[in-house]
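Have a look at the structure below before the remarks.
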Amino acid sequence: MNIVGASKRALHTANLTSLKKHIDTTSAAGRLFFTICAAFDKYEREIISERTSVPMLQYQHGCKSMSSRPPYGFRIQGDRLEIVQEQQEVIEKIHKLWMEGRRGYSIATRLQHLGIPSPSGKTKWVPSTVRAIVRRYQTQP
């Protein structure tokens, strides 16, 4: 190896020496220990990912809710979601008004004037709630 190659290699090499943890990556044993720690860290991240993704898929395929609060238009019945017809009609009304060119504030004001309860059960509707319902309606199969 020539001098230029050796100096380039030295620029890309970093060693760690800890004064408190007795980790020294300048030796083979130190590099092995560091590699093992990194492998365990990666393993732990993957285990956490598996533990969270598997239940999510089970809930999605079983039509179960991940939340204790069901989306507007549904209620929780046992461990399943059940359609609430009155709220589904409100969702259809919101979608129709949206397709006519009305937007969040206008639709929220209209629902309030009609006395239709919001998802929280109050008479006040907010534009962001209307937009969330429209987004959810547009993504339903």
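Rule-based calculations on the coordinates, nothing more; no lab input. As the structure is a prediction and not an experimental result, all values here were calculated from the model. When we count neighbours, we look across all protein chains shown, and the Cβ atoms used for this are built from the backbone with ideal geometry, even at glycine.
Neighbouring Cβ atoms within 10 Å as the yardstick, rank I133, I91, I47 fewest first.
I47, I91, I133
How much net charge surrounds G121 when only the other residues with a Cβ under 14 Å from the Cβ of G121 are counted, with Lys and Arg +1 and Asp and Glu -1?
Within the 14 Å Cβ shell, the charges total +3.
Sum up the charges of everything whose Cβ sits under 14 Å from the Cβ of Q85, counting Lys and Arg as +1 and Asp and Glu as -1, but leave Q85 out.
Surrounding charge for Q85 is -2.
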